[in-house]
Every structure is written in C-alpha cells, then in structure tokens.
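Input: a single structure, listed below in structure tokens.
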Amino acid sequence: EELHQLKFKFGIYGAASGVTCGVRPGQLYYEAQDVQQYIDEWDVDFIKSDNCANYALDSSVRFRALRDALWRNGKKKNVVLSI
C-alpha cells in the first residue's frame, strides 16, 4: 500500500512451472491461488512469469492457466502479465 501511495507499481516474479529459475516453488497448478493472493493480499500490478523448467506439458497451456486465472480475477484489478 505504501508503494502505491508513492505512485510506484508493485510486481512479482514467478514461473509457469514447478520451480522458478532460482529453484523456488513455481506457479504450476497453483495459478488460481497465486493470482488471488497476488491481487487480494499483495495488490500486485505486474507479474513476470518465466518458463524455466521443461515439462511434457506445453508452455502455452501453462501460461494460459495463469492468464485465465488473471481474467477471472481481473474484475478486481488490471494486472500486467509478462511472459
């Protein structure tokens, strides 16, 4: 909230896979939960999502799941998604 009062935007980094490039937990299969937390609790303006891990599941499917979760919550706030 303080960042927004200072006219800053707040962003977060994640990955559309099981792990991020930094070997932290990724967003795969947690897209709806993550987006809800990002918007409702953290007031995120920007999400950067990478494709660090190589899975049999096509990356377009994984990114689509994150996009769809944002669309479902988009009525609350517009969030920029960078892939």
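Listing for the model above:
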| read-out | value |
| --- | --- |
| Test set (1) modelled with pLDDT of 90 or more; (2) over 20 Å from Lys76 (Cα atoms); (3) buried (at least 16 other Cβ atoms within 10 Å of the Cβ) - Ala53 fails condition number | (1) |
| Residue in segment 9-32 that is assigned to a helix (DSSP H, G or I), touching a residue at least 40 places away in the same chain (Cβ under 8 Å) and within 12 Å of the chain's Cα centre (by Cα) present | yes |
| Condition check for Val61: part of a helix (DSSP H, G or I) and surrounded by 14 or more Cβ atoms within 10 Å (Cβ to Cβ) | no |
| Filter pass, Ile47 being touching a residue at least 40 places away in the same chain (Cβ under 8 Å), outside any loop (DSSP other than H, G, I, E, B), surrounded by 14 or more Cβ atoms within 10 Å (Cβ to Cβ) and of a type outside the set (S, T, N, Q) | no |
| Complete set of residues in segment 1-17 that are open to solvent by less than 30 Å² (accessible area, probe 1.4 Å) and either over 13 Å from Leu70 (Cβ atoms) or β-branched (Val, Ile, Thr) (or both) | Ala15, Ser17 |
| Top-ranked residue of segment 18-38 - restricted to ones that are at pLDDT below 90 and among the aliphatic types (A, V, I, L, M), ranked as surrounded by the most Cβ atoms within 10 Å (Cβ to Cβ) | Leu28 |
| Sole exception among (1) surrounded by fewer than 14 Cβ atoms within 10 Å (Cβ to Cβ); (2) touching a residue at least 24 places away in the same chain (Cβ under 8 Å); (3) under 21 Å from Glu1 (Cβ atoms) for Arg72, by number | (3) |
| Segment 6-17 - residue that is within 14 Å of Leu81 (Cβ to Cβ) and of a type in the set (Gly, Ala, Ser) and, of those, modelled with the highest pLDDT | Gly11 |
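The values are calculated or read from the model by the stated rules, or taken from the named source; none is laboratory data. What you are looking at is a predicted structure, and each value in this text was computed from that prediction instead of being measured. Methodologically, a virtual Cβ is constructed for each residue, glycine included, from the backbone with ideal geometry; neighbour enumeration extends over all protein chains shown. Accessible surface areas use protein heavy atoms only, side chains included; no ligands, DNA or RNA. Shrake-Rupley method; radii C 1.70, N 1.55, O 1.52, S 1.80 Å.
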